[in-house]
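Q: Submitted below is the structure of interest, expressed as structure tokens.
The values are calculated or read from the model by the stated rules, or taken from the named source; none is laboratory data. Here the structure is a predicted model, which means the values were calculated and not measured. So basically every Cβ, Gly included, is an ideal-geometry build from the backbone, and we count neighbours across all protein chains shown. Quick note on the areas: whole protein, heavy atoms, side chains included, nothing else; ligands and nucleic acids left out. Shrake-Rupley method; radii C 1.70, N 1.55, O 1.52, S 1.80 Å.
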Amino acid sequence: MARNAAGQPSRGAALIASALNLLNVDPQDEPPPVSAPEAGTGRAVTVARLLATLAKSEVEVRGADRGLATLDRAWRWALIDGDDHLLAFLHGQRGLILFRSGRFAEALTEFDSAARWFDRVPGIDKCRVLINRGALYVEMGDLRAARADLTLCVDLARQLGLNLVERIAVHNLGCLEFIAGDLPLALRTMDEGMSLGGETQPGIALLDRARVLLAAGLQHEADDTLAAAAVQLTKDRCWQDVGEVELARAESALLAGDPRAARRLAARARDRFRRHGNSRWRRNAELVLLQADLTAGRPAGRLVPSALRLAEEFRDDGFVLQARVALLLAAENMQRMGQLPEAIRLAGEAGSSRVSDPIAVRLQTRLVRARLDLAAGRTATARRQLRSGLTELAAYRAHFGSIDLQTASAVHGIRLAELEVELALRGGRARSVLAAVERSRAVSGRLVSVRPPRDEVAADLLAELRQAVESMRAKEADRRATAEVAERRKRAAELQRELRARAWLTGGTCQALQPASHAEICDRLKAEATVLVCYVETNGALHAVVDDGDSAAIRPLGSAAEATESLRRVRADLDVLANGHLPGGLMTAVRGSLIRSLEHLDGSLVRPLRLPGRRLLIVPTGPLAALPWGSLPSLAGCPVVVAPSATAWLSASASSGRRHASVAAFAGPDLRRATEEVRAIGQSWPDASVFTDMVARQDTLVTAMTSSTVVHIAAHGQHQAENPLFSSIRLADGPMFAYELDQTARTAEHVVLSACELGRATIRPGDEALGLTSVLLHLGTRSVVSGVARVHDDVAAQVMTRYHRLLSSGRDSAEALADASEAEDKVVAPFVCFGSGWAMAS
């Protein structure tokens, strides 16, 4: 029984076989007659319990039919000499097997039958019924009943000292919170279960955790967790659970836009469930298979019959949610076949989305209904469906306190956002396009931030991570230390994963602010004499919406792929030029390549817009967020601010700067002119605080971030594309990570990162940027000046010295950066002003 509970049914079955052998019983033999001489000896009771336990092992390894057949023989042994204890146990075992087979109604009847003997059965048997019935209630969506059973089980297990049972019950409470929609609490509760110790179902724990991560939009992290679960469950020969892992990986592949992989995994899971006789899970796999087929564009006529059959089967077995999803799939395919009335009928039969539905189902319902409304000519109704869906998604994301989860969960709304923007472009109304962009883009900036509680464990992990990173840096040039560096790199990756996982546990405020109205945006544009340029991509093509506050227009541009390729060449050339030690001929060639690429981007992105020579607010899309806009020929000397959305810009520019700015400047180690740079900056500001050498530490910087108006950091920086929250600035006592800033209460109004590439960000769906600059903006910094590529030390020092001289004279950050960069004629200075302009109040 302990092996079964630990998720090792094959080992459990082997132990049962040994026990039956000691009693000279073949598990396939029928029991002797009820009147046999051994009645009253207790032997039949022992055999019955052994066979019932064997049945649980067999259902995991060989399927439900085999397990139920063995359990039937256990019942016949129990008739020889059974008592209330044994009957309760057998009812509980049958309920568990039926539950695992997807026969929920029958399982609940068995659990209820077992519960009738609660006053006469041992505490351990009572706990087993409570824990399994509670898990069944979770699956059935009866969360109140589930919470009652599982909470009672936890209390009873603690009283009896049943650590293993308590751990499983707490984990199941985590699954309950997942179904209830509170993902941070689900992860916290699952972690609490793991912390109780004991050897129990590690593969199942990983599988359930991966489902939560998938719902949060962390597709890659979920897939890695599922891979680990598959290894454990395959080792333990838990084939039913292996199938569930395969199905979850199919859903992960769908979220990642890989229908071919999704189809392969779902088909494998379907066949596995079919061999196990599990109709409920077989149908779940077929449903995902149909979703993959639809995404891959397979002929609609082949998909409709299967979708309708699944809808009927799910409905007959009481699985209402899955039946609705199947009906929506049928409706989508009917529309593809041109049978609009039938598609509308099926969508109507599926019904409206419900608050209790998973977010993916709610958004799918909105999307299907919007497409049907469009096909029927009901454009206004379609727009309302899309807007409602994006509002629901914003509310869902507000449950997360971690910026990591807030940005990742945007993936669920990709298709809604794309359709709304496409619809607005089709209508030709520029301000409708802007409104669509504001609803869907950079929503994380509209979520009210929370300060997580002090986490001592995280502090220790960060200290170890810093040590690992610094030791790697010190030994990377030593060829003899290759193995040691690799080991430290592996440990650093583990620490980063642990730290991210701890951040996911923080719940949000559940408050999502509305996007700014167009009237508010226009008033600010006119007040600041600014022109808004918003770039959007649809079907591989770029468009720009240009709005000066009085009028707006849509401008078609070129290929998004061509612009991305030109930007890649620009960044590569800038990185090479930052070296500063190139031979003259190579320097000339690279500079020529850079000028050509910048000219191409200027011709494809800016010149067609026929912009007036005024201050610009640029709201980019995708990789364009990392373009050094001020380096484009048409924008030389033009004040440019880059913001994730007009709403974010409006919010940042609404508060005025302080009359007397307090300034702190930091110089990191091993940067040739950093000390000279910050001392020159200190001379531009009265009473500036300058931190160099060993004084430029992390604790000093954190203090300055919360107490200073302007913070300037001249230090080595690194953007981590794969793990952007661990992009870092190197200070005297090691790297400081973006992750750490996400834990602070506030940051300075204006931050200057005179470091390589810290203006870069990893762009997630919904144009959600994640990197050091984006974290600062998320936390309330109004304006960040940072580089989007590597920059030579001399160039950075010269530009930044001029920049602060202009800023301290009253110029705002965008103007000061434009003038300071234009004066640098040696090499392009790839600095960008993000967020809004900042200036001292006059």
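Q: Condition first: modelled with pLDDT under 85, surrounded by fewer than 17 Cβ atoms within 10 Å (Cβ to Cβ) and within 26 Å of Q232 (Cα to Cα). Now tell me which residues in segment 2-35 satisfy that.
A: A2
Q: Return yes when T506 is in contact with a Lys or Arg (Cβ under 6 Å, 6 or more places away or on another chain) and more than 27 Å from R415 (Cβ to Cβ) and no when it is not.
A: Answer is no for this residue.
Q: Please verify whether E192 is more than 30 Å from R275 (Cβ to Cβ) and of a type in the set (D, E, K, R), treating the condition exactly as stated.
A: Yes, satisfied.
Q: Tell me which residues, restricted to segment 108-128, are aliphatic (A, V, I, L, M) and open to solvent by less than 10 Å² (accessible area, probe 1.4 Å).
A: Correct list: A114 only.
Q: Considering only segment 462-475, how many residues are touching a helix residue (DSSP H, G or I) at 6+ places or on another chain (Cβ under 6 Å) and either farther than 29 Å from L779 by Cβ or outside any helix (DSSP H, G or I) (or both)?
A: Going through segment 462-475 one residue at a time, the tally reaches 2.
Q: Does A370 satisfy the condition of being open to solvent by 50 Å² or more (accessible area, probe 1.4 Å), among the small types (G, A, S) and either assigned to a helix (DSSP H, G or I) or under 15 Å from A347 (Cβ atoms) (or both)?
A: No.
Q: Let me ask another. Does any residue of segment 338-359 turn out to be within 25 Å of the chain's Cα centre (by Cα), in a helix (DSSP H, G or I) and surrounded by 16 or more Cβ atoms within 10 Å (Cβ to Cβ)?
A: Yes, segment 338-359 has at least one match.
Q: Take L505 and tell me if it is buried (at least 16 other Cβ atoms within 10 Å of the Cβ), out of contact with any Phe, Trp or Tyr (no Cβ under 7 Å at 6 or more places or on another chain), in contact (Cβ under 8 Å) with a residue 24 or more places away in the chain and not in a loop (DSSP other than H, G, I, E, B).
A: So L505 fails the test.
Q: Next question, about the same structure. Here are some residues: A300, A248, A269. Which one is under 23 Å from the mean Cα position of the chain (by Cα) and hydrophobic (A, V, I, L, M, F, W, C)?
A: Just one listed residue meets the conditions, A248.
Q: Considering G193, G181, G174, G197, which residue is touching a Pro at 6+ places or on another chain (Cβ under 9 Å) and open to solvent by less than 50 Å² (accessible area, probe 1.4 Å)?
A: G181
Q: Considering each residue of segment 392-434, count those that are in a helix (DSSP H, G or I), open to solvent by 40 Å² or more (accessible area, probe 1.4 Å) and either over 30 Å from L185 (Cβ atoms) or without any contact (Cβ under 8 Å) to a residue 24 or more places away in the chain (or both), and give that number.
A: Looking only at that region, the number is 5.
Q: Let me ask you something else. Being under 30 Å from R11 (Cα atoms) and surrounded by fewer than 22 Cβ atoms within 10 Å (Cβ to Cβ) is true for just one of G277, G297. Which residue is that?
A: G277
Q: Take the residues of segment 79-107 that are of a type in the set (D, E, K, R) and in a helix (DSSP H, G or I): which is most open to solvent (accessible area, probe 1.4 Å)?
A: Within segment 79-107, the match that is most open to solvent (accessible area, probe 1.4 Å) is E106.
Q: Of all residues in segment 368-401, how many are hydroxyl-bearing (S, T, Y) and under 27 Å from the mean Cα position of the chain (by Cα)?
A: Total satisfying the criteria: 3.
Q: Also, quick follow-up: Does segment 445-461 include one or more residues that are assigned to a helix (DSSP H, G or I), open to solvent by 30 Å² or more (accessible area, probe 1.4 Å) and touching a residue at least 24 places away in the same chain (Cβ under 8 Å)?
A: Yes, segment 445-461 contains a residue that is assigned to a helix (DSSP H, G or I), open to solvent by 30 Å² or more (accessible area, probe 1.4 Å) and touching a residue at least 24 places away in the same chain (Cβ under 8 Å).
Q: Now for a different question. Every residue in segment 210-223 that is open to solvent by 30 Å² or more (accessible area, probe 1.4 Å) and closer than 15 Å to A180 by Cα, please.
A: The one that is open to solvent by 30 Å² or more (accessible area, probe 1.4 Å) and closer than 15 Å to A180 by Cα: R211.
Q: Among residues belonging to segment 508-517 that are touching a helix residue (DSSP H, G or I) at 6+ places or on another chain (Cβ under 7 Å) and buried (at least 19 other Cβ atoms within 10 Å of the Cβ), point out the one that is farthest from G445 (Cα to Cα).
A: A516
Q: As an exercise: evaluate R237 against (1) open to solvent by 40 Å² or more (accessible area, probe 1.4 Å); (2) assigned to a helix (DSSP H, G or I); (3) modelled with pLDDT under 90 and give the number of the one condition it does not meet.
A: Checking R237 against (1) open to solvent by 40 Å² or more (accessible area, probe 1.4 Å); (2) assigned to a helix (DSSP H, G or I); (3) modelled with pLDDT under 90, the one that fails is (2).
Q: Something else: So which of L609, L632 ends up being farther than 19 Å from P830 by Cβ and open to solvent by less than 10 Å² (accessible area, probe 1.4 Å)?
A: L609
Q: Out of R76, R66, report the one residue that is closer than 18 Å to D241 by Cα, in a helix (DSSP H, G or I) and either among the charged types (D, E, K, R) or open to solvent by 10 Å² or more (accessible area, probe 1.4 Å) (or both).
A: Checking each option against the conditions leaves just R66.
Q: If you don't mind, there's one more thing I want to ask. Residue under question is A652, and the condition is that it be under 20 Å from T564 (Cα atoms) and in contact (Cβ under 8 Å) with a residue 24 or more places away in the chain; does it hold?
A: Answer is no for this residue.
Q: Can I ask one more? Among the listed residues Q219, Q201, Q291, identify the single one that is of a type in the set (S, T, N, Q) and within 17 Å of H171 (Cβ to Cβ).
A: Q201
Q: Looking at this structure, is A442 at positive phi and touching a helix residue (DSSP H, G or I) at 6+ places or on another chain (Cβ under 7 Å)?
A: For A442, the condition - at positive phi and touching a helix residue (DSSP H, G or I) at 6+ places or on another chain (Cβ under 7 Å) - is met.
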